[in-house]
Structures are given as C-alpha cells and as structure tokens.
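Take a look at the structure set out below.
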Amino acid sequence: MSTELLEAVRALLQEKNALLLAHNYQRPEVQDAADLTGDSLGLSMEAARTEAEVIVFAGVHFMAETAAILSPQKTVILPERDAGCPMADMITPEKLRAKKAELPGVPVVTYVNSSAAVKAESDVCCTSANVVSVVKSRPEDHLLLTPDQNLAQYAQRHTNKKLDFWPGYCPTHQKLTPADVLRAREAHPGALVMAHPECRPEVLDLADAIKSTSGMLTFAAESDAEEFIVGTETGLLHPLQKNNPTKKFYPASKRMVCPNMKLTTLASVKIALELMTPVIEVPEDVAAKARLAVERMLAVPRD
Ligand code: 13P
Ligand code: SF4
C-alpha cells in the first residue's frame, strides 16, 4: 500500500470529521486504512454510535443505505456508486408487494442484504447471524423469507415453521460446489470447514461450522484447530490471517470473489472524500418503515 495515499486518506478523514468503515470482504488496503471493519449490520450500528458527521462506507449499496437508515442526520458516502449487490437486486418492492398479496397474513422476514425500499415492505429484518432467532421469535407458523433462498433453507432446517422462499441467491456463494469443498478437504485433511449460510445446502452439509463473516472471525480465533477452509468471499482471508498469524486459512474456492466488493480502492476512497460524493440518501418515508423492520430485528434476543 502506498504510504502517501494512506496518509492522504487519513488526513482527509480527519479534516472532514469522517469515519471510514470497511466490510470484511474489502480489499486489504481498504480494510487496513479503515477506522473499523466488520460485517454489514455491525458496521451500520457502529455508524449510528459514532460522533463523526460523515460515514464513508467501503462496501456495497445496501450497506450504505442501512447506515443512512440508522443515522439519518449523518452524511453517508459510498465511494463506488456502482458497487451493488446482485442478490439485493433480485427482489423489488413491487414484486414483493405482489407476493404479499398472494400470501395474506404471512409476515415477511428480509435479509439485510436488500434495498431500503424492500426492507420498508418487510415486517422484520435478519442477518446471516440471527436468522434462526428472528424466525423463531415470530408468533406466526408461516413466514416468507426474502431474498436469499439458501439462507431461507438454512433457517428452515432449524425451525418447525413453514418458510416460503424467494428465489434469490448470491452469485459469489452459489459458485461454491460440494466438489470444491471435498477437493479442499483432501488437500488440507486437518482443516475445519467454515461456510457462510449463503452457500448452497449441499455445501452447508459438508461444513464443520456455518457462520456469518464475523462469526467466522470469532470461531477461528476461539477454536483449537490450526487450519481452516474458508467457504465465503475470499476477502475474509485477510482479517482471518491478520488476527490469527500462527493459523492457516485456505479459500474453499479461489473463484469466490465478489466483483462489487472489489470495486472500492484506497484511491477511490480518497476521491470520494475530496469530492464528498456519492452520497447515499433514503427518503424519510421509506427510511422510517425500513428502520422499524431493522429495529424489530435488533429487539430479538439471541438464542
Ligand atoms: P455478512 O453480513 O455475514 O458480513 O455478509 C455480508 C455479505 O454480503 C455476505 O455475502
Ligand atoms: Fe451481495 Fe454476494 Fe457480494 Fe455479498 S458477496 S455483496 S451477497 S453479491
């Protein structure tokens, strides 16, 4: 990483009273320059807690929107305007309204990997870390879980409720096949397999631990094992290795790269800070409804 560029970014952050948040999948240079790194919801909650006036969110669009929903008085900047999430784009508020009309009385649980407008049409949100607790917390026996079919099937296995699925998926996690996992296990027989619940059910069947990105960081740090096969976006290898220098981490597949997460560079963070754009705004009527869905999730006690 260029020290000059890093110093310029840090100076701009100070000048603008800004905080740089980086998701666990971001490029190492961006993670290393950030004030805080973490998973999508954790970072948005940190954004709400900080006294900084400006949040620079190195991540994808829905994450910056969640920060804007939770911190309406702050300026939220997404350095790369085109950094979206294909899974979040697999559902729209119009399509969700049509589905709700087919399922009257069935509450909608929506993964945080979704637009603010879709959250606003939902009863409660969930993350990959709390989906089972959120589903169990509902009094109803029949729910619709959007937009990730794999996360919904994972939740289905852990509750007796009837869950309808939305046919969305993460193209990066969908790439991981059981054959990839078996190949990695053969190459590293002593390693534990960690997989993100966005992976296919056949992949999750082969995992030793099913965890969100932050869950994997905690699991690897606390485990007695020395080697791990990582079934999620390869960006997570950086904090795993940094936090556990004596342990070994192998990607379950080198093809698990999210192109949207890699759009942001330290140079684009610098330009965004200089120009104070692109700013992500959520209209207050949409934000108010979306906030309710996020707050209902936050009120659910963890199992
Ligand atoms: P986490 O919330 O587990 O960090 O995951 C975000 C994401 O985009 C997974 O693909
Ligand atoms: Fe979306 Fe998948 Fe990229 Fe996460 S890894 S931002 S779910 S496309």
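Listed by chain and number, the lysines whose C-alpha is less than 19 Å from the C-alpha of LYS248, apart from same-chain residues fewer than 8 away, are LYS211.
Output the DSSP H helices from the chain with an along-axis C-alpha extent of no less than 15 Å and a mean Kyte-Doolittle hydropathy no less than 0.0. Flagged H segments are 3-15, 284-298. Using 1/(1 + (r/R0)^6) with R0 = 45 angstrom and r between the beta carbons of ASP224 and ARG255, what's the FRET efficiency to the nearest 0.05? Working from the Cβ atoms, E equals 0.90. Taking 27 Å as the straight-line reach from the Cα of LYS95, the lysines in range (excluding those fewer than 8 positions away in the same chain) are LYS119, LYS136, LYS161, LYS162, LYS175, LYS289.
I need the semi-axes of the equivalent ellipsoid of segment 106-154: take the C-alpha gyration tensor, multiply each eigenvalue by 5, square-root it, list largest first in whole angstrom.
15, 13, 9
Put a dot 7 Å past the Cα of ASP35, heading toward its Cβ, do the same for GLU295, and the two dots end up 2.4 nm apart.
Taken over the C-alpha atoms, the chain has Rg and Dmax values of 19.0, 58 angstrom.
At an R0 of 25 angstrom, the distance between the Cβ atoms of GLU51 and GLU284 translates into a FRET efficiency of 0.65. Across all C-alpha atoms in segment 158-206, the radius of gyration and Dmax reach 13.1, 39 Å.
Going from the residue with the fewest nearby Cβ atoms within 10 Å to the one with the most, THR277, THR127 rank THR277, THR127. For the pair LEU182 and LYS162, label points projected 7 Å from Cα toward Cβ lie 3.6 nm apart.
Where a number appears in this text, it was derived from the coordinates with a stated rule and is not lab data. The model shown is predicted, which means the values in this text are computed figures rather than measured ones. Positions of Cβ are generated from backbone atoms using ideal geometry, with glycine treated the same way; all protein chains shown enter the neighbour counts.
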